[in-house]
Every structure is written in structure tokens, then in C-alpha cells.
1. Give, in nm to one decimal, the length gained when the segment between K53 and D79 is fully stretched (0.36 nm per residue of separation minus the Cα-Cα distance).
2. Taking square-rooted eigenvalues a ≥ b ≥ c of the alpha carbon gyration tensor, is region 177-216 rounded, prolate or oblate, where a/c under 1.5 means rounded and, failing that, a/b exceeding b/c means prolate?
3. Just check region 30-73 against the gyration tensor rule for me: Cα atoms, a ≥ b ≥ c as the square roots of the eigenvalues, rounded for a/c under 1.5, and otherwise prolate or oblate depending on whether a/b exceeds b/c.
4. Which ³J(HN,Hα) values, rounded to whole Hz and listed in residue order, are derived for region 7-22 from phi using the Karplus coefficients 6.51, -1.76 and 1.60 in 6.51 cos²θ - 1.76 cosθ + 1.60 with θ = phi - 60°, glycine and proline given as x?
5. Placing +1 at every Lys and Arg Cβ and -1 at every Asp and Glu Cβ, with all other atoms neutral, what dipole size does region 4-125 have around its Cα centre, in debye to the nearest 20?
6. Can you list residues from other chains, or at least 5 along the same chain, whose modelled amide H is less than 5 Å from the amide H of I73?
7. Collect residues whose amide H, placed 1.01 Å from N in the peptide plane, falls under 5 Å from the amide H of G35; neighbours closer than 5 in sequence don't count.
8. How much length, in nm to one decimal, is gained on full extension between T25 and E211, taken as 0.36 nm per residue of separation minus their Cα-Cα distance?
Amino acid sequence: MLKKVISHSRRLASLKNDSHRLIYTWIIPHLDVEGRFYADPSIIKGSVVPRLKHLNEKTIREAIEDMVINELIFLYQNDGEQYLELRKFEDHQTHLRKERESPSKIPPMTEENQLRINSGVNPAQVKLREVKLREYNISVNDGFEDFWKAYPRKVNKREAQEKWNKAKLPELIFVLKAIEDQKKTDQWQRDNGKFIPHPSTWINKERWTDEIEIIQSSKTEMRCSKCGEITTSLQGRQRLCPNCNQNHSRLSEAQK
């Protein structure tokens, strides 16, 4: 429940813009009994601001970082999933009776799984938690080597690093998650990764901000119209027979 004191909050007023303030206040009704919610921008988009088209996943991601920097929320990670927890939640819920509420299904934050974001101002906020380094195998560097290790198309490393050094990057964990999500897309899986952007292009165009649609791959058996060879094709695409170089035709249930 929102209280009047929120109107005088210095931290809330310090957020970069009204979109970030709106996202913060609209998240509050979705918090569980412990003041926790998912920090995945796609979940916040679908649950908190589904009808506001101007608030996309990029804006939500930036808002989360802004809230962490201004000490409005904690950000933490457990088993690969990111969560947020409202600071001083219980202090503002004086009439909350936990015994009457459903228990939280979100794991608690600990000193080990808390994530920090570099604000560019306070050096104390620069340090990443060791658990984050362990879970994502992030080494102590500027993050480029971890990006390079995760990115599937390894061409022109020098140019990619130059773009990396000049880019306005979000927290590294968001970049790595974007790569993992985009690896599942039709574009990146098509023709053995032929359409995966060069890493320098991906960085330069800030492709970690892309809103993607992951298409579940469906395997279809294909029979060669000449020799009868059967192979498997993703999404039912035609492909050439490895034996006689003829196009396959889809194998129907009746033909099986």
C-alpha cells in the first residue's frame, strides 16, 4: 500500500525520469509478502505495464538499474533468475499480517547473491558480488572477455573490443542474458548461425536492448523425393538431400 510519504521521497525524486518513477510505483502492488518480485524486464512488462507501449524492456531494464543506484530496491540472483526486493519494505507495511498472506515463493536475498550496479559515481558500487562472478564465470576485467566467450560468432575481436570500450553498456549480466536469449531465436539458429551479427555490429547497435520472440523449434521429418532418404528439418523448411542433392518434401503422417 502506498503512503503519502512517497511524495516526499528524495530517492524516488532522484530517479532519472517519470517513466522510472511510474515503473517503481506500479511494481509495488505486485510485491509478495516479503516485498519481492521478479526483476526480469519481460516479466515486468507483461505483468506491471502490459498496456503502456512506450515502456519497453530496454526502458524497464534502465529503470531497474536506476532504482538500484538510488537505493530504492535490492537486486539479486538465485539459480540464474534475477529478483528485486523493495528496501525497508516492512517499515512501510505496518498493518501487514504475514500469517494471513501466502508465503513468498521467491528465494530470499543474501549477502552472497546480491548484485551491485556501477553508477559511475560511487566507487563502493563498482564491486560485483563474488556469487555473480561464479554463476556467470565472469572474470575480473572490463567484461569484454566474458562477452567474447559467450558470443557465438567470433570474428574481428580487435574491432569488437574497440566498440566495447566505447559503448554505453548496461550491467554485464544483462548483456550475457541477452546473448543467451538471442541464441534461441530463429535468426541465430538459421543456417548454422549465418545470420548472427558480427560482434562489433551487435555491440555498436546495442542489440542487448532487442525485444525478441523465441520460437520453439519444431522438428519435421523430410523425405527425399528421389532416393527416399529421411532427415529432420527445423520449422519444416525444405533442405537438400545429403545423398542426391534433391529437395526434400515433408513426410506426412500417412507416409510414415
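1. Answer, rounded to one decimal: 6.3 nm.
2. oblate
3. Oblate shape, in that a/c is at least 1.5 and b/c is the bigger or equal ratio.
4. Working through the residues one at a time gives 5, 9, 5, 5, 5, 5, 5, 7, 4, 4, 7, 5, 4, 5, 5, 5 Hz.
5. On the way: 18 positive and 18 negative charges, 121 e Å.
Dipole about the Cα centre, nearest 20: 580 debye.
6. Amide H neighbours of I73, under 5 Å, 5+ apart: V68, R87.
7. none
8. 64.6 nm
Every number here is computed from the coordinates shown, using simple stated rules; none is lab data. Keep in mind that what you see is a predicted model, and the values were worked out from it rather than measured. Reconstructed Cβ throughout: ideal geometry from the backbone, glycine too, with neighbour counts over all protein chains shown.
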